[in-house]
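First the structure, in the form of structure tokens, and then the observations on it.
The values are calculated or read from the model by the stated rules, or taken from the named source; none is laboratory data. In this text the structure is predicted, and so the values were computed from the model without any measurement. Cβ: placed from backbone, ideal geometry, glycine included. Neighbour counts: every protein chain shown.
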Amino acid sequence: VATTAPTVSEDVTNPGTPEEQSVPFSRFQEVNNGLKEEREARAQLEERLAAIEAAGNTPNDQEIDEDVKKILDTYAKQSGLVSKADLEAVQKEAELKLQVQQDIADLTKELNGFDYNKVMEHAKEAGLSINSKADLKSAFINMNYANDIENAKKAAIAEFQESGRTTGELSSTGTPQPTNEEQVQGVKSRIALTRQKLGI
């Protein structure tokens, strides 16, 4: 007796235990064909990959089309992703802000009367470049130098005027008064003292 293949409408039953289910032949054929196609496609991809690796033509970033790069960048930004360069820039900016805050705290302790906003305003008016803690300190000294010198001059003049003494006159006790040169020396020594206090 010759056996014939079951038709599409017939069930294909696995000759085994009664618990095993029968599978329609059409479904069996569909799954079988799908697996064959997948195996063939995989084999082709593996062959292509082996050929690329053998030729040393592994794709790299430079070979990616510019239009594709733009699309990927746009997608990444819309998805909230950040590039490595952007991330490094943000991190550097944050570190710089922390450093500036630390410099301001240090200078506020170190220099009596240090006010960051006033120093920056003075630096802007004077055309001074501020790029470091040392620059901030120099700007503060520069800002106060003229004021301190002016105050020292005024104090010396006021002291001279209050005394009412003139060059070469004798005091009520009969002692000679300081000469103009000695008075100028007094002003210079006060200026030097002011500069010393400022550390300049």
For this session: Output the residues belonging to segment 76-119 that are without any contact (Cβ under 8 Å) to a residue 24 or more places away in the chain and small (Gly, Ala, Ser).
Result: 76, 79, 80, 83, 85, 89, 94, 105
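Residue-by-condition table, conditions (1) more than 21 Å from residue 148 (Cα to Cα); (2) in contact with a Pro (Cβ under 9 Å, 6 or more places away or on another chain); (3) exposed (fewer than 10 other Cβ atoms within 10 Å of the Cβ):
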position	(1), (2), (3)
81	yes, no, no
84	yes, no, yes
89	yes, no, no
102	yes, no, no
111	no, no, no
125	no, no, yes
131	yes, no, yes
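Of all residues in segment 113-123, how many are in a helix (DSSP H, G or I), surrounded by 12 or more Cβ atoms within 10 Å (Cβ to Cβ) and not aliphatic (A, V, I, L, M)? Can you show your working first?
Keep residues of segment 113-123 that are in a helix (DSSP H, G or I), which gives 116-123.
With surrounded by 12 or more Cβ atoms within 10 Å (Cβ to Cβ) added as a condition, the list becomes 116, 118-123.
Then drop every residue that is not not aliphatic (A, V, I, L, M), which leaves 116, 118, 121-122.
Counting residues in segment 113-123 that are in a helix (DSSP H, G or I), surrounded by 12 or more Cβ atoms within 10 Å (Cβ to Cβ) and not aliphatic (A, V, I, L, M) gives 4.
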For this session: Could you list all residues from segment 68-79 that are of a type in the set (A, V, I, L, M, F, W, C) and either in a loop (DSSP other than H, G, I, E, B) or surrounded by fewer than 12 Cβ atoms within 10 Å (Cβ to Cβ) (or both)?
Result: 68, 71
Problem set entry | Sole exception among (1) within 18 Å of residue 132 (Cβ to Cβ); (2) at pLDDT below 90; (3) under 21 Å from the mean Cα position of the chain (by Cα) for residue 105, by number | (2)
Exercise. Which ones in segment 133-156 are of a type in the set (A, V, I, L, M), closer than 23 Å to residue 105 by Cα and surrounded by 13 or more Cβ atoms within 10 Å (Cβ to Cβ)?
Worked result: 136, 139, 141, 143
Exercise. For segment 157-178, does any single residue satisfy the condition of being in a helix (DSSP H, G or I), surrounded by 16 or more Cβ atoms within 10 Å (Cβ to Cβ), modelled with pLDDT of 70 or more and within 53 Å of the chain's Cα centre (by Cα)?
Worked result: no
